[in-house]
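As structure tokens, the structure follows; a few thoughts come after it.
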């Protein structure tokens, strides 16, 4: 949807793939990136880290009621016209892949999903800044989701919006209509899905 991410390749490779400067330097390999943790993102200002999950302080829904749950993933069908997302920015979350869980409750199987060609996957995302008590400002990000393609559908009813490298600037800087035109399922047959039985789910 995604449930968790993984990014183990050097950030320098990510920067090269995105044709941007490596402004972060060496980062640890991470096999289990969870909501609430820091993730690498690309914004119009370059690579940086943000907290995965938007704390919607002050945001309200269409009925004017406060949004209470932290926004980890945002639906593409409503992200451009829902009052809860008013004023958010756009970013890219570059990763090696993500995890989903499938099966019956208490017997779910973790699946690792990555590109068949080994290239990084680029998730469309939205950003916000939370002004925490004491004046602390926390940059936050949430992945944008859409209907699943044929590869992912047997595992989950949603998938993250994945972008081609050529569409990164259109997502970051294009109009809302241009960005929304990119929120479609990834072409089928380009993802590798395998059981993830080698991950320590307690750590990053």
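Where a number appears in this text, it was derived from the coordinates with a stated rule and is not lab data. Because the structure is predicted, anything quoted here is derived from the model rather than measured. Note that each Cβ is placed from the backbone with ideal geometry, even for glycine, and that neighbours are counted across all protein chains shown.
One table, with the values for the structure above:
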{"read-out": "Approximate spin-label separation residue 115-residue 38, in nm, with each point projected 7 Å along Cα-to-Cβ", "value": "2.5 nm"}
{"read-out": "Alpha-carbon Rg/Rh ratio, for region 86-204, with Rh computed the Kirkwood way", "value": "1.01"}
{"read-out": "Surface/4 of the Cα convex hull for region 108-155, nm²", "value": "5.7 nm²"}
{"read-out": "Gain upon complete extension [residue 173, residue 138; 0.36 nm per residue less C-alpha separation]", "value": "10.4 nm"}
{"read-out": "Estimated translational D of region 146-192 in µm²/s (Stokes, Kirkwood radius over Cα pairs; 20 °C; 1.002 mPa s)", "value": "188 µm²/s"}
{"read-out": "Highest-MSF residue in the chain out of 171, 98, 130 [GNM, Cα springs under 10 Å]", "value": "130"}
{"read-out": "Scattering curve values for the chain, log₁₀ I(q)/I(0), Debye with Cα scatterers, q = 0.16 Å⁻¹", "value": "-1.09"}
{"read-out": "Principal axes of region 65-129: Cα extent on each, largest first, Å", "value": "36, 33, 21"}
{"read-out": "Global geometry of region 1-57, whether rounded, prolate or oblate, following the gyration tensor of its Cα atoms and the 1.5 cut on a/c", "value": "oblate"}
{"read-out": "Among 122, 136, 162: highest mean-square fluctuation, GNM of the chain, C-alpha pairs under 10 Å", "value": "136"}
{"read-out": "Gaussian network model of the chain, springs between alpha carbon atoms under 10 Å - residue of 192, 50, 159 with greatest fluctuation", "value": "192"}
{"read-out": "Full-stretch length increase - residue 16, residue 106 - with 0.36 nm per residue and alpha-carbon distance subtracted", "value": "28.3 nm"}
{"read-out": "Per-residue [θ]222 nm for the chain (sum of -39500 (n - 2.57) over DSSP H runs n ≥ 4, rounded to 500)", "value": "-2000 deg cm²/dmol"}
